[in-house]
Amino acid sequence: MAKVTALNVNGKKLQVDADSATSLLSVLRNDLGLTGSKYGCGEGECGACTVLIDGLPTKSCIMPVGRIAARQITTIEGLEKDGRLHAVQEAFLKADAMQCAYCTSGMIMASVGLLSKNPHPSRNEIVKGMNGNVCRCGTYQRIVAAIESVGK
């Protein structure tokens with residue numbers, strides 16, 4: 001099996017030694033120590049593992065690292081800049097859009113991807129864009145409110 005020796009993560013080229021069939025989530029968490037992306041279902045259905053690949057929300061638990069080795073990967077850890085949280089992170093805090101927070105990093109990453117494509121989404125566009133990200137605590141109304149506040 002082919003090996004992946006480097007990844008572009010959060011604006012840095014990082015050295016890895018991973019089998020190309022290994023999931024991106026496993027490499028991020030186990031090899032690079034980036035634990036913000038969570039393992040939820042392992043099937044790409046819950047969204048807890050969502051990261052951005054070239055700006056697009058991607059379920060990292062089902063993405064073989066060999067398919068994205070040369071692309072730009074952004075994790076929740078990469079959103080903060082110069083000690084300041086991303087606007088979506090701030091909005092989630094202000095809207096109290098988390099309860100247990102297990103889904104939060106995936107929700108935020110999906111939101112950032114959505115807002116980069118559509119900076120002013122309607123409520124329906126937000127709901128559709130966030131489909132595939134599950135919050136077991138049911139804070140969906142606060143999540144939508146947080147995204148709406150950034151999109152205004």
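The values are calculated or read from the model by the stated rules, or taken from the named source; none is laboratory data. This structure is a prediction, so every number in the text was calculated from the model and none was measured. Note: ideal-geometry Cβ built from the backbone for every residue, glycine included; neighbour counts use all protein chains shown. With ligands, DNA and RNA removed, areas are computed over all heavy atoms of the protein, side chains included. Shrake-Rupley method; radii C 1.70, N 1.55, O 1.52, S 1.80 Å.
Tabulated data for the structure shown
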| item | result |
| --- | --- |
| Filter result for residue 111 (within 18 Å of the chain's Cα centre (by Cα), of a type outside the set (Phe, Trp, Tyr) and open to solvent by 60 Å² or more (accessible area, probe 1.4 Å)) | no |
| Considering residues of segment 54-63 that are farther than 22 Å from residue 143 by Cβ and of a type in the set (A, V, I, L, M) only, the residue least open to solvent (accessible area, probe 1.4 Å) | 63 |
| Output for segment 5-41, where each listed residue is under 16 Å from residue 76 (Cβ atoms), open to solvent by less than 30 Å² (accessible area, probe 1.4 Å) and among the small types (Gly, Ala, Ser) | 36, 37 |
| Options 66, 44, 78, 106; residue that is of a type in the set (Gly, Ala, Ser), open to solvent by 20 Å² or more (accessible area, probe 1.4 Å) and either touching a Pro at 6+ places or on another chain (Cβ under 8 Å) or under 30 Å from residue 20 (Cβ atoms) (or both) | 66 |
| Residues of segment 135-152 satisfying the condition of being without any contact (Cβ under 8 Å) to a residue 60 or more places away in the chain, surrounded by 21 or more Cβ atoms within 10 Å (Cβ to Cβ) and hydrophobic (A, V, I, L, M, F, W, C) | 135, 143, 146, 147 |
| Some residue of segment 77-84 being free of Cβ contacts under 8 Å to residues at least 40 places away in the same chain and small (Gly, Ala, Ser) | yes |
| Unmet requirement for residue 132, which otherwise passes all of (1) open to solvent by 20 Å² or more (accessible area, probe 1.4 Å); (2) over 26 Å from residue 24 (Cα atoms) | (2) |
| Test: residue in segment 90-98 that is buried (at least 17 other Cβ atoms within 10 Å of the Cβ), under 15 Å from the mean Cα position of the chain (by Cα) and either assigned to a helix (DSSP H, G or I) or free of Cβ contacts under 8 Å to residues at least 24 places away in the same chain (or both) | yes |
| Residue match in segment 55-73 (condition: within 13 Å of residue 36 (Cβ to Cβ) and either modelled with pLDDT under 95 or in a loop (DSSP other than H, G, I, E, B) (or both)) | yes |
| Meets criteria (buried (at least 21 other Cβ atoms within 10 Å of the Cβ), among the small types (Gly, Ala, Ser) and either under 24 Å from residue 136 (Cα atoms) or in contact with a His (Cβ under 8 Å, 6 or more places away or on another chain) (or both)) for residue 101 | no |
